[in-house]
Amino acid sequence: MAQNSRELASLFQGFSKLNLSERLARLQNLGLLNSEDLDFLKKGGMRDFSLGEKFIENVIGYFQMPMGIATNFRIDGRDYVIPMAVEETSIVAAASKTAKWIREKGEIQTELVGHEIIGQIQCAKVKNFAQFQTQLMAQKTYLIDLANREVAFGLVKRGGGVTQLEVREIDRGDGSSMAVVHIMMNPCDAMGANIINQVCEFLKEPIEQLTGEKVTMCILSNLVDTRITKARVILSDIPADLGMKIAEASLFAQRDPYRAATNNKGVLNGIDPILIATGNDWRAVEAGIHAFACRDGAYRSITKWEWTGKQLIGEFAAPLIVGIVGGVTTLHPTAKLAMKLLGATSAEELSRVAAAVGLVQNLGALRALTTEGIIEGHMKLHIKNLTLGAGAHEKEIPLLIKKLEEILALRKRISLSNAVDALKELRSSNSPP
Ligand code: MEV
């Protein structure tokens with residue numbers, strides 16, 4: 001669906017102030033959702049157990065997660081509605097707020113570098129690694145053509161398929177060698193897990209016959225350093241002290257693994273909700289990102305922010321492998337709806353958008369952490385959860401929220417026990433003498 005920039009700017013206007021029905025009506029008026037989609041969402045989403053039974057085993061129900069949309073995103077000059085399925089308060093709000101800031105003061109650019117995913121074929125202990133390597137390299141083109149002809153022919157038709165074969169030697173630590181064959185494959189718009197695993201298992205026999213060695217296992221690698229998604233944010237005309245503080249916070253995450261872990265969690269706060277909403281394998285992406293984050297031996301930030309004196313420039317670079325065909329993506333009705341809202345037409349585009357949102361989420365966190373601190377914004381939004389946790393009824397909630405906001409402003413901290421006490425006080429002051 002074509003998403004016109006002007007229309008989306010009107011969608012974004014005051015979206016967070018609308019109630020649920022108004023939000024849905026606005027999405028419908030702009031042609032982003034139809035009446036069937038609205039019915040589906042209003043009825044609580046997917047309820048059909050037969051689908052759940054197809055996805056996993058021993059089904060006993062569904063786990064419902066709220067899905068919201070982050071607004072104000074303009075990526076590579078195009079406006080996007082970002083669907084996010086997530087349970088944590090303030091992620092959607094922070095993403096939208098930070099995207100608005102960038103919309104006013106800068107831009108977001110993205111790119112994909114490389115197309116291939118990686119499959120691994122292991123020979124746990126080879127008799128002669130040099131000979132194994134020579135034999136396989138001599139037959140490389142034959143093996144690639146064979147895999148493309150027999151297994152990956154569908155991908156080849158779409159411009160993808162197996163493109164490369166490499167052999168790595170791994171020291172077993174007992175004086176002998178392990179050999180690992182890497183198969184590179186362009187999965188086009190699929191995430192590619194099933195097809196690369198099939199290719200690797202198919203190649204097991206020819207490799208054993210050609211080399212006389214024993215193949216011990218075959219599986220894809222989640223450390224896909226051959227297909228890197230990059231996002232870049234450039235902000236101009238912002239206060240120099242803020243730019244410097246954010247760059248300092250970024251240096252902290254580049255140099256200290258304790259901080260890097262939390263920084264990267266904040267980046268994934270932006271990425272995972274999109275992966276979940278679109279039915280993608282977020283565990284695979286998490287594994288790939290964390291492995292890539294420690295590729296030089298130390299765990300580091302996957303984002304970097306620099307203050308040039310005039311501009312704040314942020315960069316994200318990591319594997320972010322997703323698909324828009326196959327798997328749950330095209331079967332789960334909510335994932336289909338999320339894809340329709342997002343309007344990404346290729347796996348590459350979905351990956352670039354997710355990387356951009358991760359980088360923006362990181363900027364939002366660093367901005368909050370280096371200025372007002374995380375508690376203020378986070379807790380303001382978290383107060384509603386506290387009122388529910390304390391057991392407030394619908395009518396009591398607005399009064400309790402007001403009371404808790406006063407406590408937060410005064411003490412700069414707030415907890416569930418504050419909410420419980422404030423509710424007790426509210427009830428006793430309202431009860432007849
Ligand atoms: C909380 O979910 C995420 C943050 O901790 C990220 C960060 O510290 O950069 C705020």
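Scanning the range 177-225 for residues that are under 19 Å from ILE324 (Cβ atoms) and free of Cβ contacts under 8 Å to residues at least 60 places away in the same chain gives a single hit, ILE195.
The single residue among ILE302, ILE289 that is within 16 Å of the ligand (Cβ to nearest atom), buried (at least 18 other Cβ atoms within 10 Å of the Cβ), within 12 Å of the chain's Cα centre (by Cα) and among the hydrophobic types (A, V, I, L, M, F, W, C) turns out to be ILE289.
A single member of GLU213, GLU201 is more than 24 Å from LEU350 (Cβ to Cβ), part of a helix (DSSP H, G or I) and at pLDDT 95 or above, and it is GLU201. Which condition from (1) touching a strand residue (DSSP E or B) at 6+ places or on another chain (Cβ under 7 Å); (2) polar (S, T, N, Q); (3) not in a helix (DSSP H, G or I) is the one that THR345 breaks? Looking at each condition in turn, THR345 falls short on (1).
Each residue in the range 378-391 was checked for being within 16 Å of the ligand (Cβ to nearest atom) and open to solvent by 30 Å² or more (accessible area, probe 1.4 Å), and 5 pass. Would you confirm, using the coordinates I've provided, whether GLN139 is more than 29 Å from the chain's Cα centre (by Cα) and under 20 Å from GLY212 (Cα atoms)? It is true that GLN139 is more than 29 Å from the chain's Cα centre (by Cα) and under 20 Å from GLY212 (Cα atoms).
Remark: pairs (first residue in the range 28-41, closer than 12 Å to ALA338 by Cα; second residue in a helix (DSSP H, G or I) and open to solvent by 20 Å² or more (accessible area, probe 1.4 Å); Cβ separation under 8 Å; 6+ apart in sequence or on different chains) = LEU32/LYS340; LEU33/LEU41; LEU33/LYS340; ASP37/GLN28; ASP37/LYS340. Would a scan of the range 236-257 turn up a residue that is crowded, with 20+ Cβ neighbours inside 10 Å, among the small types (Gly, Ala, Ser), closer than 30 Å to THR330 by Cβ and away from the ligand (no atom under 16 Å from the Cβ)? Checked the range 236-257: no residue is crowded, with 20+ Cβ neighbours inside 10 Å, among the small types (Gly, Ala, Ser), closer than 30 Å to THR330 by Cβ and away from the ligand (no atom under 16 Å from the Cβ). Only residues that are surrounded by 21 or more Cβ atoms within 10 Å (Cβ to Cβ) and not in a loop (DSSP other than H, G, I, E, B) were counted in the range 216-225, giving 2.
Scanning the range 262-285 for residues that are within 14 Å of the ligand (Cβ to nearest atom), among the charged types (D, E, K, R) and touching a residue at least 12 places away in the same chain (Cβ under 8 Å) yields a total of 1. Could you say which residue among ALA70, ALA95, ALA25 is in a helix (DSSP H, G or I), within 26 Å of VAL360 (Cβ to Cβ) and of a type outside the set (Ser, Thr, Tyr)? Just a single option satisfies the conditions, and that option is ALA95. For the residues SER96, SER35, the requirement of being under 27 Å from PRO319 (Cβ atoms), at pLDDT 95 or above and polar (S, T, N, Q) singles out SER96.
If I filter the range 351-375 down to residues being open to solvent by 10 Å² or more (accessible area, probe 1.4 Å) and either of a type in the set (A, V, I, L, M) or without any contact (Cβ under 8 Å) to a residue 24 or more places away in the chain (or both), which single residue comes out as farthest from the ligand (Cβ to nearest atom)? For the range 351-375, the residue satisfying everything is GLU372.
For LEU136, the requirement of being out of contact with any His (no Cβ under 6 Å at 6 or more places or on another chain), modelled with pLDDT of 95 or more and in a strand (DSSP E or B) is not met. Checking the range 338-348 against the condition returns a match, with at least one residue being open to solvent by less than 40 Å² (accessible area, probe 1.4 Å), over 25 Å from GLU53 (Cα atoms) and either within 16 Å of the ligand (Cβ to nearest atom) or in contact with an Asp or Glu (Cβ under 7 Å, 6 or more places away or on another chain) (or both). All of (1) away from the ligand (no atom under 16 Å from the Cβ); (2) within 21 Å of ASP79 (Cβ to Cβ); (3) not β-branched (Val, Ile, Thr) hold for LEU404 with one exception: (2). Is it the case, given these coordinates, that ASN72 is open to solvent by less than 80 Å² (accessible area, probe 1.4 Å) and in contact (Cβ under 8 Å) with a residue 24 or more places away in the chain? So ASN72 fits the description; yes. If you check GLN122 against the conditions, is it among the polar types (S, T, N, Q) and open to solvent by 50 Å² or more (accessible area, probe 1.4 Å)? Against the criterion (among the polar types (S, T, N, Q) and open to solvent by 50 Å² or more (accessible area, probe 1.4 Å)), GLN122 does not qualify. Taken over the range 75-90, residues that are open to solvent by 20 Å² or more (accessible area, probe 1.4 Å) and either free of Cβ contacts under 8 Å to residues at least 12 places away in the same chain or away from the ligand (no atom under 16 Å from the Cβ) (or both) amount to 3. Looking only at the range 28-46, residues that are touching a Pro at 6+ places or on another chain (Cβ under 7 Å) and part of a loop (DSSP other than H, G, I, E, B) come to 1 in all. Does the range 91-100 contain any residue that is more than 16 Å from the ligand (Cβ to nearest atom) and open to solvent by 30 Å² or more (accessible area, probe 1.4 Å)? Scanning the range 91-100, I find at least one residue that is more than 16 Å from the ligand (Cβ to nearest atom) and open to solvent by 30 Å² or more (accessible area, probe 1.4 Å), so the answer is yes. Checked across the range 169-179, the condition of being open to solvent by 30 Å² or more (accessible area, probe 1.4 Å), charged (D, E, K, R) and closer than 16 Å to THR211 by Cβ holds for at least one residue.
Applying a threshold of 8 Å to beta carbon distances and a minimum spacing of six or more residues, or different chains, the list of pairs starting in the range 236-249 at a residue that is within 13 Å of LEU369 (Cα to Cα) and ending at one that is away from the ligand (no atom under 16 Å from the Cβ) and open to solvent by 80 Å² or more (accessible area, probe 1.4 Å) reads ALA247/GLU306.
The values are calculated or read from the model by the stated rules, or taken from the named source; none is laboratory data. This one's a predicted model, so the numbers in the text were calculated from it and none came from an experiment. Cβ coordinates were reconstructed from backbone atoms using ideal geometry, including for glycine residues, and neighbour counts include every protein chain displayed. Note: accessible area is taken over every heavy atom of the protein model, side chains too, but ligands, DNA and RNA are not part of it. Shrake-Rupley method; radii C 1.70, N 1.55, O 1.52, S 1.80 Å.
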